[in-house]
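None of the figures in this text is laboratory data; all of them are computed from the coordinates on show. Predicted, not measured: the structure shown is a model, and the values here were computed from it. All Cβ positions, even for glycine, are placed from backbone atoms using ideal geometry, and neighbour counts span all protein chains on display.
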Amino acid sequence: MKNAFIKTTAVLLVSLTSYMAKAQEILPLYPSAIPNSKVSDVKESGANTGVLRGVTTPTLEVYRPDKDKATGTAVVIVPGGGYSVVVYQGEGINTAKELVKKGITAFVLKYRLPDNATMTDKKIGPLQDAQQAIKMVRENAAQWNIDKNKIGIMGFSAGGHLASTAATHFETPYIENSNNTSLRPDFQILVYPVISLTDSLAHKGSRENLIGKNPSVADITLFSNELQVKSNTPPAYLTHTADDKVVDVDNSIVYFEKLRHQKVEVEMHIYPKGDHGFIFRHEGWMEPLFGWLKRNGWIR
């Protein structure tokens, strides 16, 4: 009887833990109409696989640390996927759970994928969602026990392009912002990021999905984020592998150099091997990141 009770209790605890891990707020990103949207037949899919397609309704999923661990820091997580899918589970939710352990409130962004069928201007759709996420977190900081001056953005691969776009284009609002809320992330964390859309560096799939097969020079320049760095660009943490065969490590290197020359604080960790998506194979990859966050006072 005693053993049966222990086994039953263990099962209940596992079930409860599993439930609590899933019992997060999922919030609509926009309070009313989604800007820059068109009615279409595109439907979202992939929830059962953790890799989402056809995203047209953006959301923020909130992961909150225990109150006694909370640091007041928040991070908006932008999963990658070449602007064709969103690697929501692997790069989004899994990362959020690790950040929460360090007292960070994590927000996983499910952003709209650029598509002429669903957007009036597909080039700015993802950026609108990233800006809205920063705005939403900052305007509701007190509700989530967040310091409104400690809100960062973290992106992977094409999500790194979107995160670095948010970090370099914040002076131009692409959303309604009548409150003049700051859209500037306080820091940026970029993991094997697409940075440049130039011919020599661009991940061709990401570039084509965002700005089209035959983009103008103006659009290439605007969305090549190494060309948009200024002295007020947020501090950055970059990590990549030298043998990345999908997104050339020179994306991170050129961004590092532009930030350094503008005297923006930047730290970069380049691993010799691991290829694209190395986080799934490189145990402990977040430890240098946590060190950087601690040195800068964002975690304890």
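A few notes on this one:
- Hz values of 3J(HN,Hα) by residue in the stretch 200-209 - Karplus curve (6.51, -1.76, 1.60), Gly and Pro given as x: 7, 10, 4, 6, 4, x, 4, 4, 5, 5
- Label-to-label distance for Thr221 and Phe280 is 3.8 nm, based on points extended 7 Å past Cα in the beta-carbon direction.
- Per-peptide packing, taken as the mean over residues of other Cβ atoms within 10 Å, places 259-269, 35-45 in the sequence 259-269, 35-45 from highest down.
- Unsatisfied cross-links (Cα-Cα over 23 Å) in the set Lys97/Lys230; Lys67/Lys97; Lys67/Lys294: Lys97/Lys230
- Charge dipole magnitude, Cβ of K and R +1, D and E -1 - the stretch 97-152, Cα centre, debye nearest 20: 180 debye
- Just checking the listed ones, Asn179, Asn116, Asn145: in the Gaussian network model of the chain with Cα springs under 10 Å, the one fluctuating most is Asn179.
- DSSP beta bridges in the chain [antiparallel fraction, %, rounded to 5]: 35 percent
- HN-Hα J in Hz across the stretch 32-42 - Karplus 6.51, -1.76, 1.60, θ = phi - 60°, x for Gly and Pro: 9, 5, 7, x, 6, 10, 10, 5, 8, 8, 5
- For Lys213, the lysines whose Cα falls under 20 Å of its own Cα, not counting residues fewer than eight places away in the same chain, are Lys122, Lys123, Lys204.
- Neighbour net charge for Phe280 - beta-carbon separation under 14 angstrom, K R +1, D E -1: -3
- Electrostatic dipole magnitude of the stretch 258-300 [Cβ: Lys, Arg +1; Asp, Glu -1; Cα centre; debye, to 20]: 200 debye
- Residues Ile270 and Lys97, FRET efficiency given R0 of 22 Å [Cβ-Cβ distance, rounded to 0.05]: 0.30
- Computed 3J(HN,Hα) for the stretch 243-248, one whole-Hz value per residue from the Karplus formula 6.51 cos²θ - 1.76 cosθ + 1.60 where θ = phi - 60°, is 9, 5, 9, 9, 10, 4, glycine and proline marked x.
- The residues neighbouring Leu210, those whose beta-carbon lies less than 14 Å from its own, together hold a net charge of +1 under the Lys/Arg +1, Asp/Glu -1 convention.
- Sorted peptide list for 244-255, 82-93, criterion being average Cβ within 10 angstrom, highest first: 82-93, 244-255
- Lys213 versus Gln143: modelled label distance in nm, points set 7 Å from Cα along the beta carbon direction: 4.4 nm
- Nonlocal amide H pairs with Val249, under 5 Å, H built at 1.01 Å: Asp244
- Distance between the 7 Å Cα→Cβ label points at Lys263 and Leu27: 3.7 nm.
- GNM top mover of Thr165, Thr49, Thr233 - the chain, alpha-carbon springs below 10 Å: Thr49
- Summing Cβ point charges (Lys, Arg +1; Asp, Glu -1) relative to the Cα centre of the chain gives a dipole of roughly 800 debye.
- Full extension of the chain segment joining Lys294 with Lys67 gains 79.9 nm, where the gain is 0.36 nm per residue of separation less the Cα-Cα distance.
- Taking packing as the residue-averaged number of other Cβ atoms within 10 angstrom, the listed peptides 64-74, 221-231, 191-201 run from highest to lowest as 191-201, 221-231, 64-74.
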